[in-house]
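See below for the structure under consideration.
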Amino acid sequence: MSSVFHRNKRKQRHARHTRKHHPLIVLVGQPNCGKSTLFNHVAGYRSISTNFPGTTVHFTESHIQLDGTTFDLVDLPGIYSLNSGDRATEETMKYLLEKRVSLIINVVDASLLGRSLELTLQLMEYGIPMLLCLNMADEAERKGIVIDSTELSSLLQMSTVSTIANKGVGIDELFKQVFRDVAFKHPPIKFKMTRHVESVVMNIASLASPVLQNEHLPPRLAAIKLLEDDPYFLKYLSPIGDRLRGLVDAHSKKLAEAHGQPADMVLSAEYHAAAMYLFEQVATVRAPIKSWRTRTDDFLMHPFWGYIFMTAILLAFFVLVFKLGSFLEEPILSFFSRNSEILRNAFSSNSLLYHTIDGMVQGLAGGLAIILPYLLPFLLGMALLEDIGYLPRLAYLVDGFMHRMGLHGTALIPAILGYGCSVPAIMATRILSSARDRFIASVMAILVPCSARMMIIFGLVGFYLGGIAAFSIYLLNLVVIILVGAFLAKSMPEDTPGMIMEIPSYQWPRLKNLFAKTWLRMKDFILFAWPILIVGSLVLSLISYFHYDQYINKLLSPITALLGLPANVGITLIFGVLRKELSLIMLMQALGTTDVLAILSPAQVMVFTLFVVFYFPCLATFGILGRELGWKKAVLASLISIILALLIGTMGRFIVPIFW
Amino acid sequence: MISLDSKQKQSIRLLPLSQLLSGQSGKIVDITSGWHLRRRLNQIGIHIGDQLVVKRNTVLGGPVLILIHHCEIALGKGMAEKIIIHLNE
């Protein structure tokens, strides 16, 4: 396989400048159809592929060379249909309308062919040459579905190629066919709807075509979208959208009257019926092969045992990650402490140069001490659960409970990722479709103690007050997250009827895919959070060099006083904004001793930790919040966490002394 | 939409999906919800007229797991209440 493809190692961004000269080929398909696996196979690992529907929301580009010709390959997000409804669909529609796509590779999960053909038929309306890739041929076989691809090919008048992307089967043939089809430039046929609907669509298309003169838009597609009253599409076409809409109204009403259903439903039913008809023409269905895949669910999704297994799996997961983390952390920290000694000897410890270098090295070390020991095993473990296909089942199990809170089961996934690092957790909220759900899930995710905060909990409370105290912080944190989630859900009521989630078949995880995915998620941290960590660390070092800490302490004295903490720990709270785990080291520095209990009472240690765990997400998290949700919501989420931290810290001040 | 009195409903075995038991199967005859939900269901390939099998349904208020077009889909309870099924014999 790799013999045919020469990966171009140039940066992804580069693709944008050179695209004009190469044919642009895009992968479009339904969530979890193996698109990203296919992409990764030819492009090197750049796209996150999972066994969780809808994980690719941004798209990834790559240069591919085949027999001396270069083309750009783009992995578009997985979408169920081209009716707008979520961000992924809107981005895909926009991409297809605006970019000059030479060929669409429509990737289809062959085991779900009937359903998938609806998207195929919708894609054909865009008038872009297309090729059908029947992926997961092995899964179809397990389900007892045999597809006559020659027949399908002749019915759709389109090349079809069967592949098993995760085993690399058929990919060479696929891209050879892609090249032939790119050269052929044969636009897809338009499928005919039933007579009345077809005549209405064509009527509107002919009315719309003079108005659409300057748009690169097939009039028939415009007619269908107008009939569907697709809000995204109307916005996209404005101002002429409004003019067109006026033309459509009468037709739309007529169509609705004749069929006893709103026009968009009539159209949807047309696509559905056509897809089902095609499926029946080309597929024979036999009894599925019984396998461990179906039997496993008898346990893992069982109304009683399912929860027992869930608890066991998650507990084992967290214990393993923590054990591995603390084992790996030791040597890294000692390596850097040796280095900082060398630094101190090399430069005079009062010089600006020393503080600059030391600050940066500390930032580097801090990042490394989180990434290697905690984030890496955590993300690897998550990737494993994800690729096997356990996460959707987890969402299924907790949905009943989450629903009582006013959320979906799916909203739990970002929160679990949050135990690793808030940055990938917030990225993961993209699997949620509504803006309100994304916001609530993000707030919950930032309240979850990430691995940096775990270091504080264990390094401070665990070390000085014992394991039970540390555990109780986790427990309290969990209760607070549930309450906050429920409160937010109640105060932002939205008619979310609940989840619709595909439960994919179990898959054997592929090692290469696991590591690739872990690496891609780590990249979020390394490229986004780590630089902020280093800069933050530098700023802190300079603050201490110029002795600004006293001003900051004074500035924060109302907060420290409220929490009943000595004023000189104020500065460490600022450190927590820049780097959560630094609060611990800086606390000792601010107090001038590693024997924290000599100066702080156990209750004060507890209050300090509680405050640090809950308050303001670190700068890197704030940045990603702003990028993903917008700055207004980022500020709101941060405010919520600060208020919570103040509330819990102050309450802790009075309640904790009862226990410690 | 056809409106029926309760007696007729019983005789032709019409039930919301949420009330089906594990193992029962039937045909979707109506989706009694707003534009958004109907659209989301259509997107994932669930339409009026489709056959489905209930794989799991609990009394605890959790989602209903159905098998439709060779695909397992979990549907929230609230949603399942709005999908009307004609039970197979």
Considering residues of region B:78-89 that are at pLDDT below 90 and facing chain A (nearest Cβ under 10 Å) only, the residue nearest to B:Leu52 (Cα to Cα): B:Met79
Conditions (1) surrounded by fewer than 18 Cβ atoms within 10 Å (Cβ to Cβ); (2) assigned to a loop (DSSP other than H, G, I, E, B); (3) touching a helix residue (DSSP H, G or I) at 6+ places or on another chain (Cβ under 6 Å); number of the one not met by A:Ile189: (3)
Residues within region A:120-130 that are of a type outside the set (A, V, I, L, M, F, W, C) and either surrounded by 24 or more Cβ atoms within 10 Å (Cβ to Cβ) or within 14 Å of chain B (Cβ to nearest Cβ) (or both), tallied: 2
Of the criteria (1) surrounded by fewer than 19 Cβ atoms within 10 Å (Cβ to Cβ); (2) more than 11 Å from chain B (Cβ to nearest Cβ); (3) closer than 22 Å to A:Val200 by Cα, which one A:Arg295 fails: (3)
Any chance A:Ala273 is more than 18 Å from B:Gly49 (Cβ to Cβ) and among the small types (Gly, Ala, Ser): no
Residue in region A:238-259 that is surrounded by 16 or more Cβ atoms within 10 Å (Cβ to Cβ), within 14 Å of another protein chain (Cβ to nearest Cβ), in contact with a Phe, Trp or Tyr (Cβ under 9 Å, 6 or more places away or on another chain) and modelled with pLDDT under 90 present: no
Residues that are within 10 Å of the chain's Cα centre (by Cα) and assigned to a strand (DSSP E or B), drawn from region B:63-87: B:Val64, B:Ile66, B:Leu75, B:Ile83, B:Ile84, B:Ile85, B:His86, B:Leu87
Positions within region A:485-511 being within 22 Å of the chain's Cα centre (by Cα) and outside any loop (DSSP other than H, G, I, E, B), in sequence order: A:Gly485, A:Leu488, A:Ala489, A:Ile500, A:Met501, A:Glu502, A:Ile503, A:Leu511
Selected residue (criterion: nearest to A:Ala274 (Cα to Cα)) from residues of region A:173-188 that are of a type in the set (A, V, I, L, M) and at pLDDT below 90: A:Val182
Tally of residues being among the charged types (D, E, K, R) and more than 37 Å from the chain's Cα centre (by Cα) across region A:177-215: 3
Matching entry among A:Leu134, A:Leu117 (being under 14 Å from A:Ile164 (Cα atoms) and surrounded by 20 or more Cβ atoms within 10 Å (Cβ to Cβ)): A:Leu134
Boolean, A:Pro218 is open to solvent by 10 Å² or more (accessible area, probe 1.4 Å), within 25 Å of A:Pro23 (Cβ to Cβ) and modelled with pLDDT under 90: yes
Residue in region A:353-364 that is polar (S, T, N, Q) and more than 18 Å from A:Leu391 (Cα to Cα) present: yes
Residue within region A:308-321 that is more than 21 Å from A:Arg393 (Cβ to Cβ) and open to solvent by 90 Å² or more (accessible area, probe 1.4 Å) present: no
Test: residue in region A:314-332 that is within 30 Å of A:Ala140 (Cβ to Cβ) and in the same structural domain as A:Ala395 (by TED's automatic domain parsing): no
Region A:70-111, residues that are among the aliphatic types (A, V, I, L, M), touching a Pro at 6+ places or on another chain (Cβ under 8 Å) and within 14 Å of chain B (Cβ to nearest Cβ): A:Ile79, A:Ala88
Unique match (being under 30 Å from A:Tyr506 (Cα atoms), open to solvent by less than 30 Å² (accessible area, probe 1.4 Å) and either touching a Ser or Thr at 6+ places or on another chain (Cβ under 7 Å) or not β-branched (Val, Ile, Thr) (or both)) among A:Ser149, A:Ser159: A:Ser159
Region A:491-535: number of residues that are touching a strand residue (DSSP E or B) at 6+ places or on another chain (Cβ under 7 Å) and open to solvent by 20 Å² or more (accessible area, probe 1.4 Å): 1
Failed criterion for A:Trp305 (all others in (1) open to solvent by 90 Å² or more (accessible area, probe 1.4 Å); (2) away from every other protein chain (no Cβ under 14 Å) hold): (2)
Helices (runs of 4 or more DSSP H) wholly inside region A:546-660 containing at least 3 residues that are exposed (fewer than 14 other Cβ atoms within 10 Å of the Cβ) and touching a residue at least 12 places away in the same chain (Cβ under 8 Å): none
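Okay, residues lined up against (1) assigned by TED's automatic domain parsing to the domain that holds A:Leu112; (2) farther than 20 Å from A:Val200 by Cβ; (3) touching a residue at least 60 places away in the same chain (Cβ under 8 Å); (4) under 34 Å from the mean Cα position of the chain (by Cα):
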{"residue": "A:Leu237", "(1), (2), (3), (4)": "no, no, no, yes"}
{"residue": "A:Arg245", "(1), (2), (3), (4)": "no, no, no, no"}
{"residue": "A:Gly260", "(1), (2), (3), (4)": "no, no, no, no"}
{"residue": "A:His272", "(1), (2), (3), (4)": "no, no, yes, yes"}
{"residue": "A:Phe279", "(1), (2), (3), (4)": "no, yes, yes, yes"}
Which numbered condition A:Thr496 misses (of (1) at pLDDT below 80; (2) closer than 30 Å to A:Leu112 by Cβ; (3) more than 14 Å from chain B (Cβ to nearest Cβ)): (3)
Members of region A:138-175 that are more than 14 Å from chain B (Cβ to nearest Cβ) and small (Gly, Ala, Ser): A:Ser149, A:Ser153, A:Ser154, A:Ser159, A:Ser162, A:Ala165, A:Gly168, A:Gly170
Qualifying helices (runs of 4 or more DSSP H) (wholly inside region A:79-183; at least 1 residues being polar (S, T, N, Q) and in the same structural domain as A:Gly29 (by TED's automatic domain parsing)): A:87-98, A:113-124, A:149-156
Residues that are at pLDDT below 85 and either more than 7 Å from chain A (Cβ to nearest Cβ) or open to solvent by less than 40 Å² (accessible area, probe 1.4 Å) (or both), drawn from region B:33-77: B:Ser33, B:Gly34, B:Trp35, B:His36, B:Leu37, B:Arg38, B:Arg39, B:Gln43, B:Thr58, B:Val59, B:Gly61, B:Gly62
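The values are calculated or read from the model by the stated rules, or taken from the named source; none is laboratory data. Quick caveat, the model's predicted, so the values are computed rather than measured. Glycine also receives a Cβ, built like all others from the backbone with ideal geometry; neighbour counts cover every protein chain displayed. Heavy atoms of the whole protein, side chains included, go into the accessibility calculation; ligands, DNA and RNA do not. Shrake-Rupley method; radii C 1.70, N 1.55, O 1.52, S 1.80 Å.
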